[in-house]
Structure formats: C-alpha cells, structure tokens
Amino acid sequence: MTTQMHAQPYDTSAVGFFFESYDDYAEKAAKLRNSYGNPVEEFELQFIDGEDIDCELAKAIGVNQANLKQFLEAVDEWDEHEKTTVILAVGDCGYAFEDSTQPDDFDLDIYHVDSLCDLAEQFVEEGLFGDIPERLSFYIDYDAIARDLSADYSEATIAGKRLIYRCS
C-alpha cells in the first residue's frame, strides 16, 4: 500500500499539497508560493493514507520536515516488528528518534499476548519459575503473577494488535 501524506503550510495564504515520496515532497515544496509570490518554508505534515502501523509510526516519532525522509525510508524498509519496536521505544519509553535511529538501537522485550495474565501463563510454561509438578500447576495464581509483572511490563495496542512490552 502506498503511503499518502499532505503538507499543510503554516502560511495561511498558501495551499498545501499531497505527496507519496520524499522526492515528490521536495519538488512540490520548492515550487510552492504563497499568494504574495513568496516561497513557503514551513509545513505541518499529515499522514493521510497507508498501513495502520505506518500511521502509528508517524504519530510516535512526530513526523515533521526534519525527519520526513527518514520516516518514509522506514516505511519502505522496516518490517512490522522493527516499526513496532520504534513506536514503543519512542512513543512510550522516552527514547529519541534521530537521523541515525535504527530499530536495533533499542532494548525492548515485546510479547504478542493479550494480557499480563497471558504473559504470566507463558512465563510459567517456559519454566521461568522452575519445574512445577503438574499436580501443583492448578494452584498457581496467574492473576497475582500478572500484578507483579505490571511493575515492569506495560500493555499497548498497535495497529489493532495487543502487546505486552518492557523497556530495558
């Protein structure tokens, strides 16, 4: 799916334009003039259409003229997991999105489960609490484990998918 964006000039006497690539944006921005014939230099960039995950990425990084080229490259080059990592790291964990930012720059634990209780069950199944005899497994309080996990883990919904994550 193509990502469509709109450049809305802060100059109210100029009319904005739609674009789908950085080259398209740069060409149209260079030609744009306000009603007095002066060049327009500042724009609010708006995500119009594209994948839900790309919309979430635009919101998380606060897409603007300074990071537009990197954003559009990320949309084309990064997979869904990489985009999710950056969305959580920048949007929720307080990391910065800079010119050289790559998804591998961040140390996050991401689990594709619906709730902390589901994560607690997964941890028990994986043996995080050691070997638990089957006859005792019925007495495990997953809700209590989930409450403990909530001190370090957070829940998020990104592009309609529920996740549990931890910033390291």
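The values are calculated or read from the model by the stated rules, or taken from the named source; none is laboratory data. All values derive from a computational prediction rather than experimental measurement. Neighbour counts are summed over all protein chains in view; Cβ atoms, including those assigned to glycine, are modelled from backbone coordinates with ideal geometry. Heavy atoms of the whole protein, side chains included, go into the accessibility calculation; ligands, DNA and RNA do not. Shrake-Rupley method; radii C 1.70, N 1.55, O 1.52, S 1.80 Å.
Find the residue count for the range 37-47, including only residues that are open to solvent by 50 Å² or more (accessible area, probe 1.4 Å) and more than 14 Å from Leu68 (Cα to Cα). So the count comes out to 3. When Ser168 is tested against (1) open to solvent by less than 50 Å² (accessible area, probe 1.4 Å); (2) out of contact with any helix residue (DSSP H, G or I) (no Cβ under 8 Å at 6 or more places or on another chain); (3) in contact (Cβ under 8 Å) with a residue 60 or more places away in the chain, only condition (1) is not met.
Take the conditions (1) more than 30 Å from Ala26 (Cβ to Cβ); (2) touching a residue at least 24 places away in the same chain (Cβ under 8 Å); Ile87 misses just one of them, which is (1). Does at least one position in the range 1-9 carry a residue that is polar (S, T, N, Q), closer than 30 Å to Ser154 by Cβ and in contact with a helix residue (DSSP H, G or I) (Cβ under 6 Å, 6 or more places away or on another chain)? Yes, the range 1-9 has at least one match. When we screen Asp141, Asp109 for residues that are over 23 Å from Gln4 (Cβ atoms) and in contact with a Lys or Arg (Cβ under 7 Å, 6 or more places away or on another chain), the only hit is Asp109. Answer yes if at least one residue in the range 64-79 is modelled with pLDDT of 95 or more, surrounded by 13 or more Cβ atoms within 10 Å (Cβ to Cβ), in a loop (DSSP other than H, G, I, E, B) and of a type outside the set (S, T, N, Q), and no otherwise. Taking every residue of the range 64-79 in turn, at least one turns out to be modelled with pLDDT of 95 or more, surrounded by 13 or more Cβ atoms within 10 Å (Cβ to Cβ), in a loop (DSSP other than H, G, I, E, B) and of a type outside the set (S, T, N, Q). Residues considered: Ala58, Ala30, Ala89, Ala26. Of these, the only one that is within 20 Å of Cys167 (Cβ to Cβ), of a type in the set (A, V, I, L, M) and either modelled with pLDDT of 95 or more or not in a strand (DSSP E or B) (or both) is Ala89. Scanning the range 1-37 for residues that are free of Cβ contacts under 8 Å to residues at least 12 places away in the same chain and not β-branched (Val, Ile, Thr), we see that the one that is farthest from Ile61 (Cα to Cα) is Gly37. The criterion of being hydroxyl-bearing (Ser, Thr, Tyr) and touching a residue at least 24 places away in the same chain (Cβ under 8 Å) holds for Ser150.
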